[in-house]
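A.B. asks: Below is a structure I'd like to ask you about.
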Amino acid sequence: MRICDLLNPQSVRLNVEVSTKEQAINNLVDLVAQSGCLNDAERFRTAVFDREAKVSTGLGEGVAIPHAKSAGVTKPGLAAMVVPQGVEFDSLDGKPAKLFFMIASPHHASDAHLDVLARLSTLLISEEFRNSLNSAQSVDEFLKIINKADEAEIEKENARKQKQLADEASKGSESDKAELSSSNKGYYDIVAVTACPAGLSHTYMAAEALEKQAKEMGISIKVETDGAAGNRNKLLPEEISKAKAVIVAADRIVDMDRFLGKPLIRVGVVEGIRHPKNLIKSALDPKCPKYQSGFLGSTSVSMRLYRHLMSGMAYLMPLAATAGILSAFARLDIVNDTQVGFFFDRVGYSIGTLLFPILSAFIAYSIRGRTALVAGFTGGVMADLGGSGVIGAVINGFVGGAVALLTTLFAGRFLKGHDATVALLLYPLMGALGTAAIAVFFTNIPAQFVDVYINSFFSESSVFTLIMIGALLAGMMSYDMGGPINKMAYAIGVLFLADSLPEQGPGGLVMASIMAGGMVPPIAAALASILVPQVFTSKINSLRFITLGKGLVFITEGIIPYLQTNPKIMKTACVACSALSGGLSMYFKCSICAPHGGIFIIPLCDHPIQYIISMASGIVVGIFAFSVIHLRSGSDSSVKVTVNSENT
């Protein structure tokens with residue numbers, strides 16, 4: 001399959017005039033829709049904007065490749081657009097983007113389609129190829145340039161495959177072989193892995209950039225692409241062991257344990273595209289740090305701690321929600337003091353006793369895998385027994401992971417040949433004893449002091465202080481829509497709630513403010529476009545009910561399409577209406593029993609009427625602010641598109 005099989009002439013436009021990033025994306029989505037590969041254009045449009053809000057797809061050098069996977073796509077498709085004057089696209093080099101390709105992919109695309117998309121990403125690395133496309137005078141010429149380059153790339157791929165087959169036949173190898181170094185030593189100087197969240201363009205562009213740069217430097221390299229088509233060109237254990245260094249350019253989790261003890265550079269996938277030469281030099285530098293483990297790896301300490309904490313919270317949240325909802329239901333008047341109420345209360349309480357052990361266990365699991373589960377679980381039990389609360393559970397989770405790590409390193413060095421016995425008995429026993437001892441003598445006492453202080457602070461603080469806390473946390477929820485500030489606020493809420501359950505306590509107050517802050521902006525934006533549709537674009541109006549649904553179930557990111565108009569002012573308005581609702585929720589002492597659920601758990605909260613009033617206040621302010629901002633921005637103006645006579 002060739003690139004032009006996915007790129008129809010109707011989906012290509014040259015000499016387009018757009019003035020904003022939003023207009024460029026909307027134009028591209030409309031072009032993709034003309035190819036007939038979408039069953040829900042607006043759903044795909046929302047997915048593209050959501051993807052763009054996380055990391056810009058402006059790659060620099062005048063190229064942008066917006067893309068997304070969506071249920072609104074029936075089959076893979078492409079669209080292309082050239083904007084001669086360029087448009088600001090938050091590109092990595094800060095320069096306007098001129099050449100655009102949009103990739104639409106269903107969640108389960110065939111390997112053949114994904115290979116085509118990967119090949120396009122590879123071709124765009126070439127400056128000559130990009131310049132030729134930008135200079136094309138007609139759609140036919142544009143497609144001919146792509147066809148010619150595509151054929152050349154296919155020939156290269158076939159030649160590589162034939163060489164691999166020849167190597168396998170001559171050496172009797174069953175593994176994949178790639179180009180070796182000029183000295184034919186039989187190993188690679190560098191092995192690398194590239195991966196991005198969508199597994200589309202960035203994954204393959206980073207791989208191509210690294211391979212091209214290594215060839216120029218006379219260095220042999222093998223790159224594993226962990227993309228949407230699966231794990232391609234997989235690194236073999238012997239290739240890793242013989243390599244001088246490892247480069248991991250990935251924005252999602254990849255298998256890192258196989259690189260233990262190797263000099264390793266870990267960066268985002270975009271760095272692999274932008275600075276392959278620097279990465280190769282750094283990896284081969286004698287001072288390059290060796291990868292030691294998921295806990296002692298080469299990324300920053302704060303990022304590693306954050307990832308491990310988030311791993312524990314991912315397993316904690318469904319338990320916390322279940323325990324909180326069951327306990328809250330047991331206190332309702334209709335079942336209180338009945339056998340049914342007693343049953344739900346006992347089940348909720350019993351699940352609640354597992355919160356700290358589960359949180360600690362999966363923090364430890366994130367650090368050292370299954371061998372750390374018992375050590376981490378023990379840390380959570382010790383936090384519960386010692387009264388050190390969620391602070392102790394978090395600390396003991398990291399302690400359990402560290403103890404398990406040291407235990408496995410010690411056993412691997414001195415107790416070789418007894419893997420089964422060690423795994424079944426020594427690892428969990430030593431992990432549990434070590435974690436328990438550290439908890440009793442070192443971590444529980446200071447953690448208990450901090451936990452008691454935090455709870456005392458909430459019970460003794462003035463109303464004004466509580467309002468400020470509620471406003472701050474709620475405002476953080478809508479500051480960056482799924483970014484680090486948003487996640488930090490949510491993590492605080494979940495941990496505080498876990499510390500309070502089965503009673504709601506201070507954690508319930510904090511969670512109520514945070515949930516209000518996350519729900520208000522998308523609800524307000526959706527209602528604004530319903531009440532005054534004339535001030536919003538038709539595309540935004542088509543998303544209003546989807547946005548409303550997301551807001552009602554506590555998905556803050558539903559407002560992202562509305563932020564494309566005057567993003568800084570819109571973000572300020574979001575923070576303001578969220579902070580108002582969060583502050584009022586804290587003032588009324590509203591308390592939520594679960595970390596998610598939106599409107600479905602409001603009937604179970606303390607003071608539900610006041611909670612609705614708190615949210616309604618922020619929603620009213622948001623409706624007014626969003627309407628005025630979009631009205632003053634003239635967001636109902638149409639996009640001006642000028643096309644050459646040769647394209648019509």
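A.B. asks: Among the listed residues Leu563, Leu580, Leu543, Leu604, which satisfies the condition of being of a type in the set (A, V, I, L, M) and over 30 Å from Thr20 (Cβ atoms)?
C.D. replies: Leu604
A.B. asks: If you check every pair at least six apart or on different chains, which have Cβ atoms under 6 Å apart with a residue in the range 589-618 that is more than 22 Å from Thr322 (Cα to Cα) first and a residue that is among the hydroxyl-bearing types (Ser, Thr, Tyr) and crowded, with 17+ Cβ neighbours inside 10 Å second?
C.D. replies: What qualifies is Ser614/Ser581; Ser614/Ser585; Met615/Ser581; Gly618/Ser581.
A.B. asks: Continuing with the same structure: For the range 178-211, which positions are of a type in the set (Gly, Ala, Ser) and either within 24 Å of the chain's Cα centre (by Cα) or at pLDDT 90 or above (or both)?
C.D. replies: Passing the criteria: Ala192, Ala195, Ala198, Gly199, Ser201, Ala206, Ala207, Ala209.
A.B. asks: Would you check which residues across the range 40-76 are farther than 22 Å from Ala97 by Cα, touching a strand residue (DSSP E or B) at 6+ places or on another chain (Cβ under 8 Å) and among the small types (Gly, Ala, Ser) and list them?
C.D. replies: Across the range 40-76, the qualifying residues are Ser70, Gly72.
A.B. asks: Tell me the residue from Ile609, Ile623 that is in a helix (DSSP H, G or I), exposed (fewer than 13 other Cβ atoms within 10 Å of the Cβ) and at pLDDT 95 or above, please.
C.D. replies: Exactly one of Ile609, Ile623 is in a helix (DSSP H, G or I), exposed (fewer than 13 other Cβ atoms within 10 Å of the Cβ) and at pLDDT 95 or above, namely Ile609.
A.B. asks: Right, here's the next one. So the check is Cβ under 6 Å with 6+ separation or different chains; which pairs have a first residue in the range 515-532 that's surrounded by 24 or more Cβ atoms within 10 Å (Cβ to Cβ) and a second one that's among the basic types (Lys, Arg)?
C.D. replies: So the pair list comes out as Pro522/Lys550; Ala526/Arg544; Ser529/Arg544.
A.B. asks: If I go through the range 425-449 residue by residue, how many of them are within 36 Å of the chain's Cα centre (by Cα), within 16 Å of Phe398 (Cβ to Cβ) and surrounded by fewer than 15 Cβ atoms within 10 Å (Cβ to Cβ)?
C.D. replies: Total meeting the criteria: 2.
A.B. asks: Taking into account only those residues within the range 212-238 that are within 27 Å of the chain's Cα centre (by Cα) and surrounded by fewer than 20 Cβ atoms within 10 Å (Cβ to Cβ), which is modelled with the lowest pLDDT?
C.D. replies: It comes out as Gly230.
A.B. asks: To continue, here is another question. I need the full set of residues from the range 253-273 which are surrounded by fewer than 18 Cβ atoms within 10 Å (Cβ to Cβ) and under 19 Å from Ala209 (Cα atoms), in order please.
C.D. replies: Gly268 - this is the single residue of the range 253-273 that is surrounded by fewer than 18 Cβ atoms within 10 Å (Cβ to Cβ) and under 19 Å from Ala209 (Cα atoms).
A.B. asks: Right, something else. When residues of the range 475-500 are filtered for being under 21 Å from Ile619 (Cβ atoms), aliphatic (A, V, I, L, M) and assigned to a helix (DSSP H, G or I), how many remain?
C.D. replies: Result for the range 475-500: 3.
A.B. asks: Scan the range 324-347 and give yes if some residue there is in the same structural domain as Gly392 (by TED's automatic domain parsing), within 23 Å of the chain's Cα centre (by Cα), under 30 Å from Ile601 (Cα atoms) and of a type in the set (D, E, K, R), otherwise no.
C.D. replies: Among the residues of the range 324-347, not one is in the same structural domain as Gly392 (by TED's automatic domain parsing), within 23 Å of the chain's Cα centre (by Cα), under 30 Å from Ile601 (Cα atoms) and of a type in the set (D, E, K, R), which makes the answer no.
The values are calculated or read from the model by the stated rules, or taken from the named source; none is laboratory data. None of the values given here were measured: they were computed from a predicted structure. Here the Cβ is made from the backbone with ideal geometry for all residues, glycine too, and neighbour counts use every protein chain on show.
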